[in-house]
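What follows is one structure encoded as structure tokens, with my remarks underneath.
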Amino acid sequence: MERTRTVLIGSDALGRGDDAVGRVLMTNFLRELSEQEQKPEAVILWNGGVRLAAGPPGDVERAAAREHLRRLADSGVAVLA
């Protein structure tokens, strides 16, 4: 199956308002992305999105996001920050 999509992520949260809710939404988005049969060719993290790959050790949401990014990378998706 040919991969043709690239996902750009410029923040560690989805939406505006409550940042904690936005981080949960971003983690769920990455989980859904990692579970799709047709995965993107690449995920590019830029600006605040880089925090998803390098968050503090005690941050549960960022740890979950890193796990979903790792699963994407393990399945052949280029994860670039």
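The values are calculated or read from the model by the stated rules, or taken from the named source; none is laboratory data. Since the model is a prediction, treat every value here as computed from it, not as a measurement. Please note: Cβ atoms are built from the backbone with ideal geometry, for glycine as well, and neighbour counts cover all protein chains shown. These accessible areas exclude ligands, DNA and RNA; they are computed on the full protein's heavy atoms, side chains included. Shrake-Rupley method; radii C 1.70, N 1.55, O 1.52, S 1.80 Å.
Okay, here's what the table says:
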item	result
Single unsatisfied condition, VAL7 versus (1) open to solvent by 80 Å² or more (accessible area, probe 1.4 Å); (2) in contact with a Pro (Cβ under 6 Å, 6 or more places away or on another chain)	(1)
Every residue from region 36-54 that is outside any helix (DSSP H, G or I), more than 12 Å from the chain's Cα centre (by Cα) and surrounded by fewer than 18 Cβ atoms within 10 Å (Cβ to Cβ)	GLN36, GLU37, GLN38, GLU41
Odd one out for PHE29, checked against (1) under 15 Å from VAL7 (Cβ atoms); (2) among the hydrophobic types (A, V, I, L, M, F, W, C); (3) modelled with pLDDT under 95; (4) open to solvent by 80 Å² or more (accessible area, probe 1.4 Å)	(3)
Cross-chain or 6+ apart pairs with Cβ under 8 Å, region 66-81 first and in contact (Cβ under 8 Å) with a residue 12 or more places away in the chain and of a type in the set (Gly, Ala, Ser), then part of a loop (DSSP other than H, G, I, E, B) and buried (at least 17 other Cβ atoms within 10 Å of the Cβ)	SER75/LYS39; GLY76/LYS39; ALA81/ALA53
Residue list for region 63-80, restricted to those being in contact with a Leu (Cβ under 6 Å, 6 or more places away or on another chain) and either part of a helix (DSSP H, G or I) or surrounded by fewer than 14 Cβ atoms within 10 Å (Cβ to Cβ) (or both)	ALA65, HIS68
Pick from region 1-26, criterion part of a helix (DSSP H, G or I) and touching a Lys or Arg at 6+ places or on another chain (Cβ under 8 Å), ranking: nearest to LEU72 (Cα to Cα)	ARG23
